[in-house]
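One structure is given below, encoded as C-alpha coordinates.
The values are calculated or read from the model by the stated rules, or taken from the named source; none is laboratory data. Model, not experiment: these values are computed from the prediction. Cβ placement follows ideal geometry from the backbone for every residue including glycine, while neighbour counts extend to all protein chains displayed. Side chains are part of the model used for accessible areas, which takes the heavy atoms of the whole protein and leaves out ligands, DNA and RNA. Shrake-Rupley method; radii C 1.70, N 1.55, O 1.52, S 1.80 Å.
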Amino acid sequence: MYLVLENTKQTFEFPANRELVLGNDADCDVQINHPKIWGRHFSIAHKSYGCVLNVFNESVKVNDTEIGETCLLDTGDLITIDDLGFRLLDDGYIPKDSQLNHTNASIHKPANVSSVFGIRSYATDDTGLFIIDNFHHPDGWHVIREDNELHLLDSKNITLLNGMRIAQARLSNGDIISNDDYKFKVELPGTSGFSKFSPSHPRNVQLSESFTAANDKGQKPSAKSKQAFLKNNLWWMTLLVGLAVLVLVIMNNPSG
(Lines give C-alpha, C1' and ligand atoms only; values in the text may rest on other atoms or scores of the structure.)
Protein backbone atom coordinates (compact mmCIF):
# COMPACT_ATOMS: atom_id res chain seq x y z
CA MET A 1 0.00 0.00 0.00
CA TYR A 2 1.37 3.43 -0.94
CA LEU A 3 0.30 6.97 -1.83
CA VAL A 4 1.18 8.60 -5.16
CA LEU A 5 1.21 12.35 -5.79
CA GLU A 6 -0.52 12.51 -9.18
CA ASN A 7 1.10 15.85 -10.08
CA THR A 8 4.67 14.51 -9.93
CA LYS A 9 4.17 10.70 -9.63
CA GLN A 10 6.19 10.80 -6.39
CA THR A 11 5.52 7.73 -4.23
CA PHE A 12 5.14 7.64 -0.45
CA GLU A 13 5.34 4.28 1.36
CA PHE A 14 3.51 3.55 4.61
CA PRO A 15 5.76 3.56 7.71
CA ALA A 16 6.15 0.59 10.06
CA ASN A 17 3.18 1.65 12.21
CA ARG A 18 0.97 1.46 9.06
CA GLU A 19 -0.28 5.04 9.42
CA LEU A 20 0.82 7.67 6.91
CA VAL A 21 0.54 11.30 8.10
CA LEU A 22 0.58 14.12 5.53
CA GLY A 23 1.03 17.84 6.24
CA ASN A 24 3.78 20.40 6.69
CA ASP A 25 4.75 19.70 10.32
CA ALA A 26 8.22 18.35 10.94
CA ASP A 27 6.88 15.07 12.33
CA CYS A 28 4.71 14.28 9.27
CA ASP A 29 5.67 11.26 7.18
CA VAL A 30 4.87 13.23 4.01
CA GLN A 31 5.81 16.91 4.19
CA ILE A 32 4.21 19.08 1.50
CA ASN A 33 4.93 22.77 1.02
CA HIS A 34 1.61 24.13 -0.25
CA PRO A 35 -0.53 27.11 0.83
CA LYS A 36 -3.58 24.88 1.41
CA ILE A 37 -1.71 22.30 3.51
CA TRP A 38 -0.66 22.95 7.08
CA GLY A 39 -0.02 21.12 10.34
CA ARG A 40 -0.98 17.46 10.38
CA HIS A 41 -3.50 17.79 7.55
CA PHE A 42 -4.68 14.19 7.21
CA SER A 43 -3.59 10.62 7.84
CA ILE A 44 -4.34 7.22 6.31
CA ALA A 45 -4.36 4.28 8.72
CA HIS A 46 -3.89 0.85 7.13
CA LYS A 47 -6.12 -1.42 9.22
CA SER A 48 -6.85 -5.14 8.87
CA TYR A 49 -10.30 -4.29 7.47
CA GLY A 50 -9.15 -1.52 5.09
CA CYS A 51 -7.73 2.00 4.99
CA VAL A 52 -9.20 4.80 7.11
CA LEU A 53 -8.77 8.47 6.22
CA ASN A 54 -8.68 10.91 9.16
CA VAL A 55 -8.83 14.63 8.38
CA PHE A 56 -7.35 16.95 11.05
CA ASN A 57 -7.47 20.33 9.33
CA GLU A 58 -9.55 21.78 6.51
CA SER A 59 -11.63 19.19 4.68
CA VAL A 60 -10.30 17.26 1.70
CA LYS A 61 -12.08 15.61 -1.23
CA VAL A 62 -12.17 11.89 -1.94
CA ASN A 63 -13.24 11.16 -5.51
CA ASP A 64 -14.70 14.69 -5.60
CA THR A 65 -16.76 14.15 -2.42
CA GLU A 66 -15.89 16.49 0.45
CA ILE A 67 -14.73 14.72 3.63
CA GLY A 68 -14.53 16.71 6.85
CA GLU A 69 -13.54 14.05 9.39
CA THR A 70 -13.12 10.41 8.38
CA CYS A 71 -14.04 7.78 5.79
CA LEU A 72 -12.99 4.38 4.46
CA LEU A 73 -10.77 4.34 1.38
CA ASP A 74 -10.58 1.84 -1.47
CA THR A 75 -7.58 1.11 -3.67
CA GLY A 76 -7.50 3.71 -6.44
CA ASP A 77 -9.34 6.43 -4.48
CA LEU A 78 -8.14 9.97 -5.18
CA ILE A 79 -7.64 12.44 -2.31
CA THR A 80 -7.45 16.07 -3.46
CA ILE A 81 -6.42 19.28 -1.72
CA ASP A 82 -6.71 22.31 -3.98
CA ASP A 83 -4.69 21.40 -7.11
CA LEU A 84 -2.89 18.41 -5.56
CA GLY A 85 -4.11 14.85 -6.03
CA PHE A 86 -2.98 11.85 -3.96
CA ARG A 87 -3.98 8.39 -5.20
CA LEU A 88 -3.99 5.32 -2.94
CA LEU A 89 -2.50 2.26 -4.66
CA ASP A 90 -1.76 -1.31 -3.61
CA ASP A 91 0.57 -3.76 -5.36
CA GLY A 92 -1.73 -6.52 -4.15
CA TYR A 93 -4.38 -5.19 -6.55
CA ILE A 94 -2.36 -4.95 -9.76
CA PRO A 95 -4.76 -5.72 -12.65
CA LYS A 96 -4.47 -9.23 -14.10
CA ASP A 97 -4.31 -9.58 -17.86
CA SER A 98 -7.33 -11.05 -19.64
CA GLN A 99 -7.37 -13.57 -22.46
CA LEU A 100 -10.13 -11.47 -24.04
CA ASN A 101 -8.99 -8.85 -26.50
CA HIS A 102 -10.68 -5.47 -26.10
CA THR A 103 -10.61 -4.94 -29.88
CA ASN A 104 -12.67 -7.97 -30.92
CA ALA A 105 -14.52 -9.36 -27.85
CA SER A 106 -18.24 -10.06 -28.19
CA ILE A 107 -20.20 -7.43 -26.28
CA HIS A 108 -23.70 -7.87 -27.67
CA LYS A 109 -25.23 -9.81 -24.76
CA PRO A 110 -27.81 -7.95 -22.64
CA ALA A 111 -27.12 -6.76 -19.10
CA ASN A 112 -28.62 -8.51 -16.09
CA VAL A 113 -29.44 -6.78 -12.84
CA SER A 114 -29.52 -8.61 -9.53
CA SER A 115 -28.76 -8.22 -5.84
CA VAL A 116 -26.57 -11.30 -5.57
CA PHE A 117 -23.07 -10.87 -7.04
CA GLY A 118 -21.09 -9.16 -9.76
CA ILE A 119 -20.20 -5.47 -9.59
CA ARG A 120 -21.78 -3.11 -7.07
CA SER A 121 -22.34 0.51 -8.02
CA TYR A 122 -21.22 3.32 -5.71
CA ALA A 123 -22.56 6.04 -8.00
CA THR A 124 -24.87 8.55 -6.33
CA ASP A 125 -27.82 7.79 -8.60
CA ASP A 126 -27.82 3.99 -8.17
CA THR A 127 -25.80 3.23 -5.02
CA GLY A 128 -25.97 -0.44 -4.03
CA LEU A 129 -27.12 -1.72 -7.44
CA PHE A 130 -25.64 -5.10 -8.34
CA ILE A 131 -24.96 -6.02 -11.96
CA ILE A 132 -24.26 -9.60 -13.07
CA ASP A 133 -23.06 -11.15 -16.32
CA ASN A 134 -22.47 -8.56 -19.05
CA PHE A 135 -22.62 -4.82 -18.42
CA HIS A 136 -22.11 -2.06 -20.97
CA HIS A 137 -21.56 1.43 -19.59
CA PRO A 138 -22.65 4.42 -21.69
CA ASP A 139 -19.06 5.73 -21.60
CA GLY A 140 -17.97 2.75 -23.69
CA TRP A 141 -16.41 0.26 -21.24
CA HIS A 142 -17.72 -3.25 -20.62
CA VAL A 143 -17.72 -6.04 -18.05
CA ILE A 144 -18.00 -9.45 -19.74
CA ARG A 145 -18.57 -12.83 -18.06
CA GLU A 146 -16.54 -15.54 -19.80
CA ASP A 147 -15.84 -19.05 -18.42
CA ASN A 148 -17.22 -18.09 -15.00
CA GLU A 149 -14.91 -15.09 -14.73
CA LEU A 150 -15.52 -11.36 -15.09
CA HIS A 151 -13.40 -9.31 -17.49
CA LEU A 152 -13.12 -5.55 -17.92
CA LEU A 153 -12.73 -4.23 -21.47
CA ASP A 154 -12.00 -0.54 -21.97
CA SER A 155 -10.54 0.29 -25.37
CA LYS A 156 -11.14 4.02 -24.81
CA ASN A 157 -9.09 4.19 -21.57
CA ILE A 158 -11.93 5.95 -19.78
CA THR A 159 -11.77 4.09 -16.46
CA LEU A 160 -9.23 3.14 -13.83
CA LEU A 161 -8.94 -0.36 -12.41
CA ASN A 162 -7.56 -0.13 -8.86
CA GLY A 163 -6.20 3.29 -9.78
CA MET A 164 -4.48 2.14 -12.99
CA ARG A 165 -5.42 2.59 -16.65
CA ILE A 166 -5.87 -0.66 -18.56
CA ALA A 167 -7.51 -1.80 -21.80
CA GLN A 168 -8.42 -5.32 -20.64
CA ALA A 169 -8.16 -7.25 -17.37
CA ARG A 170 -9.55 -10.26 -15.52
CA LEU A 171 -11.43 -9.06 -12.48
CA SER A 172 -10.98 -10.35 -8.93
CA ASN A 173 -12.99 -9.88 -5.75
CA GLY A 174 -12.50 -6.37 -4.34
CA ASP A 175 -11.31 -4.76 -7.59
CA ILE A 176 -12.40 -1.14 -8.07
CA ILE A 177 -13.55 0.24 -11.46
CA SER A 178 -13.76 4.03 -11.31
CA ASN A 179 -13.40 7.44 -12.84
CA ASP A 180 -14.23 10.96 -11.63
CA ASP A 181 -18.00 10.36 -11.84
CA TYR A 182 -18.60 6.82 -10.56
CA LYS A 183 -17.15 3.79 -8.82
CA PHE A 184 -17.96 0.06 -9.04
CA LYS A 185 -16.63 -2.65 -6.72
CA VAL A 186 -16.33 -6.30 -7.76
CA GLU A 187 -17.98 -8.82 -5.42
CA LEU A 188 -17.89 -12.48 -6.44
CA PRO A 189 -19.44 -15.59 -4.84
CA GLY A 190 -17.20 -17.99 -2.97
CA THR A 191 -15.13 -15.18 -1.45
CA SER A 192 -14.79 -13.87 2.08
CA GLY A 193 -17.04 -10.93 1.24
CA PHE A 194 -19.83 -13.24 0.13
CA SER A 195 -21.04 -14.81 3.40
CA LYS A 196 -24.27 -15.37 5.26
CA PHE A 197 -23.43 -12.28 7.31
CA SER A 198 -23.07 -10.09 4.24
CA PRO A 199 -25.89 -7.77 3.12
CA SER A 200 -25.38 -9.16 -0.39
CA HIS A 201 -26.06 -12.76 0.62
CA PRO A 202 -29.17 -14.00 -1.26
CA ARG A 203 -31.08 -14.76 1.95
CA ASN A 204 -30.42 -11.31 3.41
CA VAL A 205 -31.25 -9.70 0.08
CA GLN A 206 -34.53 -11.61 -0.04
CA LEU A 207 -35.44 -10.44 3.46
CA SER A 208 -34.51 -6.82 2.81
CA GLU A 209 -36.27 -6.68 -0.55
CA SER A 210 -39.42 -8.27 0.93
CA PHE A 211 -39.43 -5.65 3.66
CA THR A 212 -38.87 -2.88 1.13
CA ALA A 213 -41.69 -4.09 -1.12
CA ALA A 214 -44.13 -4.18 1.79
CA ASN A 215 -43.18 -0.96 3.52
CA ASP A 216 -41.41 1.54 1.27
CA LYS A 217 -44.46 1.77 -0.99
CA GLY A 218 -46.76 2.58 1.94
CA GLN A 219 -48.43 -0.82 1.80
CA LYS A 220 -49.71 -2.52 4.92
CA PRO A 221 -48.53 -6.08 5.54
CA SER A 222 -50.98 -8.56 4.00
CA ALA A 223 -52.98 -11.13 5.98
CA LYS A 224 -50.70 -13.79 4.52
CA SER A 225 -47.58 -12.05 5.78
CA LYS A 226 -49.18 -11.68 9.24
CA GLN A 227 -49.90 -15.43 9.28
CA ALA A 228 -46.30 -16.14 8.28
CA PHE A 229 -45.05 -13.89 11.09
CA LEU A 230 -47.21 -15.72 13.68
CA LYS A 231 -46.08 -19.09 12.38
CA ASN A 232 -42.37 -18.21 12.49
CA ASN A 233 -42.55 -16.62 15.93
CA LEU A 234 -45.12 -18.84 17.66
CA TRP A 235 -42.55 -20.63 19.83
CA TRP A 236 -41.31 -17.58 21.68
CA MET A 237 -44.80 -16.10 21.96
CA THR A 238 -45.98 -19.35 23.58
CA LEU A 239 -42.99 -19.28 25.93
CA LEU A 240 -43.74 -15.69 26.90
CA VAL A 241 -47.38 -16.49 27.67
CA GLY A 242 -46.31 -19.52 29.73
CA LEU A 243 -43.92 -17.43 31.80
CA ALA A 244 -46.64 -14.84 32.42
CA VAL A 245 -49.04 -17.56 33.62
CA LEU A 246 -46.35 -19.00 35.91
CA VAL A 247 -45.72 -15.60 37.49
CA LEU A 248 -49.46 -15.13 38.12
CA VAL A 249 -49.72 -18.57 39.75
CA ILE A 250 -46.80 -17.82 42.08
CA MET A 251 -48.22 -14.40 43.04
CA ASN A 252 -51.68 -15.85 43.82
CA ASN A 253 -50.31 -18.75 45.83
CA PRO A 254 -47.76 -17.36 48.28
CA SER A 255 -45.85 -19.97 50.27
CA GLY A 256 -46.60 -20.50 53.99
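Where a ≥ b ≥ c are the square roots of the eigenvalues of the C-alpha gyration tensor, would you call segment 5-86 rounded, which needs a/c under 1.5, or, failing that, prolate if a/b is larger than b/c, or oblate? Since a/c stays below 1.5, the shape of segment 5-86 is classed as rounded.
Computed over neighbours whose Cβ is under 15 Å from that of residue 66, the net charge equals -4, Lys and Arg +1, Asp and Glu -1. Let me make sure I get this right: for segment 24-65, a, b and c are the square roots of the gyration tensor eigenvalues over alpha carbons, sorted descending. Under 1.5 in a/c it's rounded, otherwise prolate if a/b > b/c, else oblate. Which is it? Here segment 24-65 falls in the oblate category. Taking every C-alpha pair closer than 8 Å and separated by at least 6 residues, the mean separation divided by the residue count of segment 20-80 gives a relative contact order of 23 percent. Put a plus charge on the Cβ of each Lys and Arg, a minus charge on the Cβ of each Asp and Glu, and nothing anywhere else: the dipole of segment 1-95 about its Cα centre is then about 100 debye. Subtracting the Cα-Cα distance of residue 96 and residue 72 from 0.36 nm times their residue separation leaves 6.2 nm of extension gain.
Per residue, the accessible area of segment 1-42 comes to 58 Å², computed with a 1.4 Å probe over protein heavy atoms only. The distance separating the Cα centre of segment 1-63 from that of segment 136-159 comes to 32 Å.
Highest mean packing comes first when the peptides 149-160, 50-61, 2-13 are listed by Cβ atoms within 10 Å, giving 149-160, 50-61, 2-13.
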